[in-house]
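Structure record follows, encoded as structure tokens.
The values are calculated or read from the model by the stated rules, or taken from the named source; none is laboratory data. Remember, it's a predicted structure, so these values are computed and weren't measured experimentally. Neighbour counts are summed over all protein chains in view; Cβ atoms, including those assigned to glycine, are modelled from backbone coordinates with ideal geometry.
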Ligand SMILES: [Zn+2]
């Protein structure tokens, strides 16, 4: 597996590349490397940064969002997969390109595939009773804490 150009760690969900395909584990390492002068003028940079950001947010939050349905009654799984549909709809051009127009088009295309897998994962998600119990307890504790705050200031 390729490692970050700057710190040599294995990149995970915060991975990013520059327009030459050099790999970094994070924005920090990317910014530390001062040899990506053409990135900001690249026609795909905005789309790349946007979908990368969305992906990181989704990976960080989708399990919490799935449990929210069981704790608060919303959102439904379908709401989440539809939100991803809407997002993917903005990248129709990159489906057409299939990653054949340079480094950023490859990255964007891979994110599209990853998002489709995430949709599947969301659809197949089954709540874990033990985990739900834990989250419910945390929710009640939070509610109690807030009530006490309101009462006592
Ligand atoms: Zn790094």
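In region 47-56, is there at least one residue being in contact (Cβ under 8 Å) with a residue 12 or more places away in the chain, in contact with a strand residue (DSSP E or B) (Cβ under 8 Å, 6 or more places away or on another chain) and in a helix (DSSP H, G or I)? So far as region 47-56 goes, yes, one or more of its residues are in contact (Cβ under 8 Å) with a residue 12 or more places away in the chain, in contact with a strand residue (DSSP E or B) (Cβ under 8 Å, 6 or more places away or on another chain) and in a helix (DSSP H, G or I).
Considering (1) part of a helix (DSSP H, G or I); (2) within 25 Å of residue 101 (Cβ to Cβ); (3) more than 9 Å from the ligand (Cβ to nearest atom), the lone condition that residue 2 does not fulfil carries the number (1).
When region 25-43 is filtered for residues that are within 13 Å of the ligand (Cβ to nearest atom) and either touching a residue at least 40 places away in the same chain (Cβ under 8 Å) or closer than 19 Å to residue 60 by Cα (or both), the ones remaining, listed by number, are 25, 26, 27, 28. Between 148, 142, the distinction of being free of Cβ contacts under 8 Å to residues at least 40 places away in the same chain and either within 22 Å of residue 61 (Cα to Cα) or not assigned by TED's automatic domain parsing to the domain that holds residue 63 (or both) belongs to 142 only. Regarding residue 97, is this residue away from the ligand (no atom under 14 Å from the Cβ), touching a residue at least 12 places away in the same chain (Cβ under 8 Å) and under 21 Å from residue 122 (Cα atoms)? So residue 97 does not fit the description; no. For region 22-39, give me each residue that is at pLDDT 95 or above, over 17 Å from residue 51 (Cα atoms) and assigned to a loop (DSSP other than H, G, I, E, B). Of everything in region 22-39, those that are at pLDDT 95 or above, over 17 Å from residue 51 (Cα atoms) and assigned to a loop (DSSP other than H, G, I, E, B) turn out to be 22, 33.
Does residue 102 fit the bill of being in contact (Cβ under 8 Å) with a residue 40 or more places away in the chain, over 30 Å from residue 135 (Cα atoms) and not assigned by TED's automatic domain parsing to the domain that holds residue 115?
no
Only one of the numbered conditions (1) within 19 Å of the chain's Cα centre (by Cα); (2) within 16 Å of the ligand (Cβ to nearest atom); (3) surrounded by 12 or more Cβ atoms within 10 Å (Cβ to Cβ) is not met by residue 12, and that is (3). Every listed requirement among (1) within 19 Å of residue 115 (Cα to Cα); (2) assigned by TED's automatic domain parsing to the domain that holds residue 126 is met by residue 11 save one, (2).
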